[in-house]
Every structure is written in C-alpha cells, then in structure tokens.
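Trainee: Handing you this structure, nothing more for now.
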Amino acid sequence: MILKPKISGSVSRISHFVGRFGLVIFLTTAVLLLPRPEGLTASGHHALAAFVFTAAILSLEPVSLPIAALMVPVCQVALGIATTPQAFETFSRPVVFLILASLFLAEALRKHGLTRRLAMKTIVLSGGGKGAVLFGLMGISAVFSMWVGNTATAAMLIPVALTIAKQIPEKKDSKKMLALLALGIAYSASVGGMATILGGAANAVASGFLAELGPWSFLDWMKYGVPSFLVLFPLTWAMLYKLVKVPVRQLDVAPAKEQIEKMGTMSPKEKEVSGVLFFTAVLWVGGPFAGDLLGLPRSLFSSAIVAVMAVSYMAVRRIITWEDVKGVSWGIFLIIGAGLSLGESLTRTGATQWFSGLIVPLVSGPSLLVTLIALVLVSALLTNLLNNTTIAAVFVPVLISVSADIGGLSPLQVVLPVTLATTFGYSLPSASGRMALLASTGIVDKSSMIRYGLIVTVVSSLVLALLFYGFILIGFL
C-alpha cells in the first residue's frame, strides 16, 4: 500500500513524458513521410521536419525549455541537415553572450534591492491614485525589461504588486487590483522589451540574422524599437485601465513610505550598481563612437563585449559573485542558440527560399499596409501558441528572402514589425514566462487572460503595423 502511490506517480510522469514527446516524434516523422513538396530539395524537406520538431518540442515542452533547445541541434544532425560544428556554431554568437550578461546584471539589481526601492518610490510619487500607481509600476517594468529581460523583470515586480493589493481590505477588490497590476507588469515588460536587443530572445535572434546582412548595432535596433515603445506603452496602459474594472480609486501610500524609511539612504553598493548600469547603457548606445574617439578598436565597444566587461567589473568589485549568478535563467542562452541554429539550417538547405516562394505571391499582391497588418497579426497570434524564438528563427530568414525577391522592399520593413509583434503574447500561459507566472499563481484566471489578451493583442498589432507603415511613408525606414 505504501509503494502503490509511488508507482502510480512514476507511471503517470512517464506516460505524461512519453505522450508529449511521442507527439513531437509523430509530427516530425509525419512530415518526413509526406511526399516532398514541389520545388523543395530533399535536404530542405528534412529541414522542414526539423522546423516541426523545434516548434513542437518548444511548445509542448515534454522536457524543460533549455533541454528542449539542446535537442534542436541533435535533431538537425540526425536529419543530416547540419554537421556538428554547424549545429552548435550559433550558440557562440555575440548576441547570445549579450543576453546572458544582461541576466547577470539583472541579478546585481535584485541582490542589492534597487528594483524594490524604485518601485516603492514610484508608489509614493504616484500619490496613491489607481491609474498613477498602475502607470508607475508599468513604467518601472518597461524600463527594466529594456535591459535585463522581461520575464525576470516581471518576477521581480509581482511581489510589489502583491504588497500594494494587500492594502485593500475588501478581498474581492484586492484580487481585482492585483490582477490589474500584475497584467500591467507583464504587458509592459513585453512592450518595454521592444526597445532594445536585450528585451527578448526574438529580438536577439532577429538581430543575429540582420547583422549578417550588414552593420547592425544596438543603436540601430533602438532607432525603431524606442518609438514603437513610446507609442504602445501609453496605449497598453489605457486599454488595461479601461478593461480591468477595479472599484478602488485611491490607495494608501503609507506602507510604501514606511518601506522606504526602513531601507534608508542608498548604500555605496547600490550607487555603484546604478553607476555601472548607466555607464553600460551609454556604451551600448554610443560604444562605436567612443572607440573612434579613443582610437581603440570598435569591436572592443561592441554590445556583447561591453556587457561582459560590466559583469567582469562587478565580479572584481564583489558586487556579484558566482554564487549569485548560478541561479539565473541560463536556459535563455540555449534557446537563442537553438533558434539561430534552426534558422541557419533552413537557409542552408534552401527551405527558406521555398517558404519565400510561397509567401511572395501573398504579400506582393495586396498593398504594403495590408501586408504589414497581416504579417504582424499572424506573428502576434502565433506567439501565443509557439515559442517566439521559433517564430523569429523561421520568419526572419524567410522575410529576408522575400524582401530580396520583391523589388523596393527592405528586409527591415518587414523583419522589425514582425519580430516586435512576437512580444504580444498576452492570451495564453504558453505565450511566455510572464503569462505562465500569472497563470500558475492564480493571479489571473484563464478566461480573463484570454479575453483581455486578445483585445490588447489585436489593437496593439494594428497600431504597430500602422506605425511602421508611417515610418516607410516618411522614409524613416
């Protein structure tokens, strides 16, 4: 009797794994067994199967995402579409180390309490008004997600939202307020992530491919990411404020003031962390100019090297230690590498060109505005079902190929809005770590998540498409 539950539990876990992983293998095998599409090479057909494998294993997650990402190069080698060096080469791209270093910097913020201090300051400055508190927390979430990863930012700020909501005595109203603040944090972390390459894995994957076309820097991304953020952030705040009805209008800011008093003035370490992050951000934006000014190699001030130097400085100064960073989400390192590896295989085998041949007639016929709206909406809705890294890994090379086949269309005009749209995964827990966090904690029920998410996704997608159409019309893009 004692052993029975253990055996049942083990069988249940095994069947759960076999069921999901079996489905991944079934879908991959089904693609291989289907007749090869006309115009697609044999290796391209195998690359198509690798794409299905990648999309399925990252979506169904029979194992954790980082391990699933490691299976992607194994699949490519097994299918004969990449050698071992080719399959793993993308894991060493500079953009991968840029994202990894940013996670270490985020750990420094968390360790020394800067995020909580800033959050409490914002609550006090807001005066306690519901809209102002929401705007303030969303602002913090957005700004941090530009530099340290959006899921990590949401995880750091959700406890702050819990503290605020607990101030409301009525349990029902408190729950609604928590849902509003938590959704605001999650959505703004996504929107803030649009502004920089560091904002998400899809940004990193797209930047990796764009860098192969020609010079592409941290500042180049910000030229289009920041205006997108400035338009979509207040829109997202306004939509959430109207959609999520909370009877409470005013919050008591006294507990936040007490927290600030307990924290005291900023410690020397907090000031040093703030200074390092500020200086790092300045070099991310203006590093190449600094290199020219100092007569040093431009590559020394590339985004990845600057990030690694910042982490190295903090380690030397004992601001962070190896024990601190061991717990960061190392898995993002593997997920980005896997996405880039898949994209390279699709391009190398001709599958990208085949996809391009299918898409060109669809996008060359309608007007550019209709094309942008359709592509952005498809990307935004798909990101609720598929990992956004996979979407970027497939869409970006294909859209680069499509733009080459259509005269007068620049890769940036389609790649950037489609990649940015992958941040609009607001409807399902599978869309992102942020939404999974809200669902797993029970802060937002599934029906509300879907309802609010679809509305914000569709409106945001339309506005993003119109914004980039405007960029094209005025010659900015």
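Trainee: With the contact rule set at Cα under 8 Å and sequence spacing of 6 or more, what percent relative contact order holds for the chain? Write down the numbers at each step before the final one.
Mentor: Values: 684 pairs, mean separation 97.2, N = 477.
Normalised by residue count, the contact order of the chain is 20 percent.
Trainee: Continuing with this model, one more query. Give the shape of the range 199-286 as rounded, prolate or oblate, defined through the alpha-carbon gyration tensor: a ≥ b ≥ c are the square roots of its eigenvalues, a/c under 1.5 means rounded, and otherwise the shape is prolate if a/b is larger than b/c and oblate if not. Present the calculation step by step, with values, prior to reporting the outcome.
Mentor: Values: a/c = 3.62, a/b = 1.36, b/c = 2.66.
Since a/c reaches 1.5 but b/c is at least a/b, the shape of the range 199-286 is classed as oblate.
Trainee: In percent, what relative contact order does the range 201-314 have, based on Cα pairs under 8 Å that are 6 or more apart in sequence? If you can, show how the numbers build up before the last one.
Mentor: Details: 43 pairs, mean separation 26.3, N = 114.
That works out to 23 percent.
Trainee: Helix-only estimate, please: 222 nm mean residue ellipticity of the chain, summing -39500 (n - 2.57) across DSSP H runs of length 4 or more and dividing by its residues, to the nearest 500.
Mentor: Values: 22 runs with 365 residues, N = 477.
Result for the chain, helices only: -25500 deg cm²/dmol.
Trainee: If packing is taken as the mean number of other Cβ atoms within 10 Å per residue, what is the order of 410-420, 120-130, highest first? Write out the running numbers ahead of the final one.
Mentor: Details: 410-420: 24.1, 120-130: 17.8.
Taking the mean over residues of other Cβ atoms within 10 Å, the ranking is 410-420, 120-130.
Trainee: Within a Cβ distance under 15 Å of Lys111, other residues only, what is the Lys/Arg minus Asp/Glu net charge?
Mentor: Working: positive: Arg110, Arg116, Arg117, Lys269, Lys271, Arg317, Arg318, Lys326; negative: Glu107, Glu270, Glu272, Glu323, Asp324.
Computed value for this residue: +3.
Trainee: I would also like to ask the following. How much of the calculated P(r) for the range 147-210 lies past 13 Å, in percent of all Cα pairs?
Mentor: Values: 1280 of 2016 pairs.
When all Cα pairs of the range 147-210 are counted, 63 percent exceed 13 Å.
Trainee: Let me ask you something else. For the Cα atoms of the chain, what angle does the longest principal axis make with the long axis of helix 368-382, in degrees from 0 to 90, nearest 10?
Mentor: The answer is roughly 70 degrees.
Trainee: Cα axis of helix 94-111 to longest principal axis of the chain: angle in degrees, 0 to 90, nearest 10?
Mentor: Value to nearest ten degrees: 20.
Trainee: Also: Taking amide H positions as placed in the peptide plane 1.01 Å from N, state which residues far from Gly129 in sequence (5 or more) or on other chains have amide H under 5 Å from it.
Mentor: Leu251
Trainee: Here is a follow-up. If Lys and Arg each add +1 and Asp and Glu each add -1, what is the summed charge of the other residues whose beta carbon sits under 13 Å from the beta carbon of Asp445?
Mentor: +4
Trainee: How big is the range 76-195 on each of its three principal axes, counting only the C-alpha atoms and giving the largest first in Å?
Mentor: 62, 29, 23
Trainee: With θ set to phi - 60°, apply the Karplus curve 6.51 cos²θ - 1.76 cosθ + 1.60 along the range 461-477 and write out the HN-Hα couplings as whole Hz, x wherever there is a Gly or Pro.
Mentor: Here the 3J(HN,Hα) series is 5, 4, 5, 4, 5, 5, 4, 6, 5, x, 4, 5, 4, 8, x, 6, 10 Hz.
Trainee: Below 13 angstrom from the Cβ of Gly127, what's the summed charge of the other residues (Lys, Arg +1; Asp, Glu -1)? All intermediate terms of the calculation are to be shown ahead of the outcome.
Mentor: Working: positive: Lys121, Lys130, Arg249, Lys257; negative: Asp252.
Cβ neighbours under 13 Å give a net charge of +3.
Trainee: Using DSSP to define loop residues, name the trypsin sites (Lys or Arg not before Pro) in the range 298-372 whose beta-carbon has at most 16 other beta-carbon atoms within 10 Å.
Mentor: On the way: sites: Arg298, Arg317, Arg318, Lys326, Arg348; in loops: Arg317, Arg318, Lys326.
For trypsin sites (Lys or Arg not before Pro) across the range 298-372 that sit outside H, G, I, E and B with at most 16 neighbouring Cβ atoms in 10 Å, the list reads Arg317, Arg318, Lys326.
Trainee: Apply the a/c threshold of 1.5 to the C-alpha gyration tensor of the range 366-473 and tell me whether it is rounded, prolate or oblate.
Mentor: On the way: a/c = 3.36, a/b = 1.96, b/c = 1.71.
In terms of gyration-tensor shape, prolate.
Trainee: Give me the dipole magnitude in Debye, nearest 20, for the range 95-325 about the Cα centre, with unit charges on the beta carbon: positive for Lys and Arg, negative for Asp and Glu.
Mentor: About 860 debye.
Trainee: Further, regarding this structure: Pull up all non-local amide H partners of His112: gap of 5 or more, or a different chain, and H-to-H distance under 5 Å with H placed in the peptide plane.
Mentor: Those lying under 5 Å, H to H, from His112: there are none.
Trainee: Another question about this same structure. Once you have the Kirkwood Rh of the range 95-325 from its Cα pairs, apply Stokes-Einstein at 37 °C and 0.692 mPa s and quote D in µm²/s.
Mentor: This corresponds to a translational diffusion coefficient of 176 µm²/s.
Trainee: Can you give the alpha-carbon Rg of the range 290-421 over 2.2 N^0.38 Å, where N counts its residues?
Mentor: That works out to 1.39 for the range 290-421.
Trainee: Looking at the chain from every direction and averaging, what is the projected area of its Cα convex hull in nm²?
Mentor: Spelled out: convex hull of the Cα atoms, projected over all directions, averaged, 26.5 nm².
Trainee: In addition: Which order do the peptides 460-467, 445-452, 29-36, 76-83 take when ranked by the mean count of other beta-carbon atoms within 10 Å per residue, highest first? Could the numbers behind the result be given before it?
Mentor: Numbers: 460-467: 21.1, 445-452: 14.9, 29-36: 11.6, 76-83: 19.4.
Answer by packing, highest mean first, reads 460-467, 76-83, 445-452, 29-36.
Trainee: Where does helix 351-364 land angle-wise versus the long Cα axis of the chain, in degrees 0 to 90, nearest 10?
Mentor: Approximately 80 degrees, to the nearest 10.
Trainee: Rank by packing, highest mean first: peptides 336-342, 170-176, with packing defined as the count of other Cβ atoms within 10 Å averaged across residues. Present the calculation step by step, with values, prior to reporting the outcome.
Mentor: Details: 336-342: 29.6, 170-176: 13.7.
Result, highest mean first: 336-342, 170-176.
FYI, it's all coordinate maths here, none of it is from the lab. The model shown is predicted, which means the values in this text are computed figures rather than measured ones. Note that each Cβ is placed from the backbone with ideal geometry, even for glycine, and that neighbours are counted across all protein chains shown.
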